[in-house]
1. Out of all Cα-Cα pairs in the chain, roughly what percent, to the nearest whole number, are more than 26 Å apart?
2. At 0.36 nm per residue, minus the direct Cα-Cα distance, what do Tyr38 and Arg83 gain on full extension? Give it in nm, one decimal, please.
3. Which listed residue (Val88, Thr66, His22) has the Cα farthest towards the positive end of the charge dipole for the stretch 1-111, taking +1 on Lys and Arg C-beta and -1 on Asp and Glu C-beta about the Cα centre?
4. May I have the convex hull volume per residue, in Å³, for the Cα set of the stretch 37-94?
5. Mind listing which GluC sites (Glu not before Pro) in the stretch 11-94 are in a DSSP loop and have 11 or fewer other Cβ atoms within 10 Å?
6. Treat each spin label as a single point 7 Å out from the Cα along the C-beta direction, and report the Ile110 to Leu67 distance in nm.
7. Can you give the accessible area of Thr96 in Å² (nearest 10), computed on protein heavy atoms with a 1.4 Å probe?
8. Between Leu76 and Val52, 0.36 nm times their residue separation minus their Cα-Cα distance comes to what?
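The values are calculated or read from the model by the stated rules, or taken from the named source; none is laboratory data. Keep in mind that this is a model prediction, so the values were computed, not measured. Neighbour counts are summed over all protein chains in view; Cβ atoms, including those assigned to glycine, are modelled from backbone coordinates with ideal geometry. In case anyone asks, the SASA skips ligands and DNA or RNA and just uses the protein heavy atoms, side chains included. Shrake-Rupley method; radii C 1.70, N 1.55, O 1.52, S 1.80 Å.
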Amino acid sequence: MHREELRVGKRVVDTGRGVRIHKTVSEHPHQVDETLLYDELDVRHVIVDKIVLLSEAPLARQEGDTLIVPVLEEVLVTERRLRIKEEVHITRIARTRTHAATVMLREEDIVVERFDEGPHK
């Protein structure tokens, strides 16, 4: 604690011309020892890189002396998937039918004739 004090002294002088005031100011050092409390913050960015559902978005949480605040980012996810629209089923069935037609067939005959014997076929 620091305190200023003022000491004013006066005396009665018959001058007939007014009053004179003499003021004295003194300063004295005073040692103060006080413990002060302050907080220091250690801020670290921890990469998570995890896709979560909108309904599973995490909230800020406290773990011991550490406050964990998730930093969220919306990302557009485009995905290609196959949808089976329909199936075509093809079954082989063996069947018979009668077919009638007139066709021309050729036949060749050879006759070999030898001079020393009779004709041969």
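1. Percentage above 26 Å: 78.
2. Once the chain is fully extended between Tyr38 and Arg83, it gains 10.0 nm.
3. So the residue we want is His22.
4. Per residue, the Cα convex hull of the stretch 37-94 comes to 166 Å³.
5. Filter output for the stretch 11-94: Glu27, Glu34, Glu40, Glu73, Glu74, Glu79, Glu86, Glu87.
6. 11.2 nm
7. 140 Å²
8. My answer for the length gained is 7.4 nm.
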